[in-house]
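Everything on this sheet refers to the single structure shown next.
Just so you know, all these numbers are worked out from the coordinates, no wet-lab data involved. Keep in mind that this is a model prediction, so the values were computed, not measured. Virtual Cβ from ideal backbone geometry, glycine too; neighbours counted across all protein chains shown.
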Amino acid sequence: MRLTRGFIKHASFTHSFAYFVLLVAWLVPGLHGLEFVFGMAHGLGWFAMCALVLAGLRLRLLDIRLAVAVAVLGAVGPFIGSYEFVRQDRRRAAGAAPRPV
């Protein structure tokens, strides 16, 4: 399997979804089982995202801004990394030059 920017992007959105479910389970009383499962998914998912981002940086699939958004800020709010993927994709589609790596 070849690592692609699209794969990392989909993994980021999946991680954001797991975090969203974790927040809902945390807010709704009686969902302790889901809170544990999605808490683990978020924690382990963050480790996986860090590894993917490092590999993506090495292969020049991602720039440093996106990598920081996903790996560093993603520990407390994975939505930031997913948002950054969307922002960069829109910027590329508009024809703006991507930021240098």
Calculate one ³J(HN,Hα) per residue across region 43-59 by plugging θ = phi - 60° into the Karplus curve 6.51 cos²θ - 1.76 cosθ + 1.60, and present them in order as whole Hz with x for glycine and proline.
x, 5, x, 5, 4, 5, 5, 4, 5, 5, 5, 4, 5, x, 5, 4, 8
Taking the Cα centre of the chain as the origin and placing charges on Cβ (Lys, Arg +1; Asp, Glu -1), which of ALA69, TRP46, PHE20 is farthest toward the positive end of the dipole?
ALA69
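Multiply the residue separation of LEU54 and VAL68 by 0.36 nm, subtract the distance between their alpha-carbon atoms, and state the gained length in nm to one decimal. Mind dumping the intermediate values first?
Details: separation 14, 0.36 × 14 = 5.04 nm, distance 1.00 nm.
That pair, LEU54 and VAL68, stretches by 4.0 nm at full extension.
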Divide by every residue of the chain the summed helix terms, -39500 (n - 2.57) for each DSSP H run of at least 4, and state the resulting mean residue ellipticity at 222 nm, rounded to the nearest 500 deg cm²/dmol.
-24500 deg cm²/dmol
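Per the Cauchy relation, a quarter of the hull surface: what is the mean projected area of the convex hull of the alpha carbons in region 5-90, in nm²? Provide the component values of the computation, followed by the final result.
On the way: hull surface 20.3 nm².
Computed as one quarter of the Cα hull surface, the answer is 5.1 nm².
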Where trypsin sites (Lys or Arg not before Pro) fall in DSSP loop in region 1-32, at most 13 other Cβ within 10 Å:
ARG2
What distance in nm lies between label points placed 7 Å from Cα along the C-beta direction at ARG87 and PHE17?
2.4
Compute, for region 1-88, the length of the dipole vector about the Cα centre, with Cβ point charges of +1 (Lys, Arg) and -1 (Asp, Glu) only. Units Debye, rounded to 20.
440
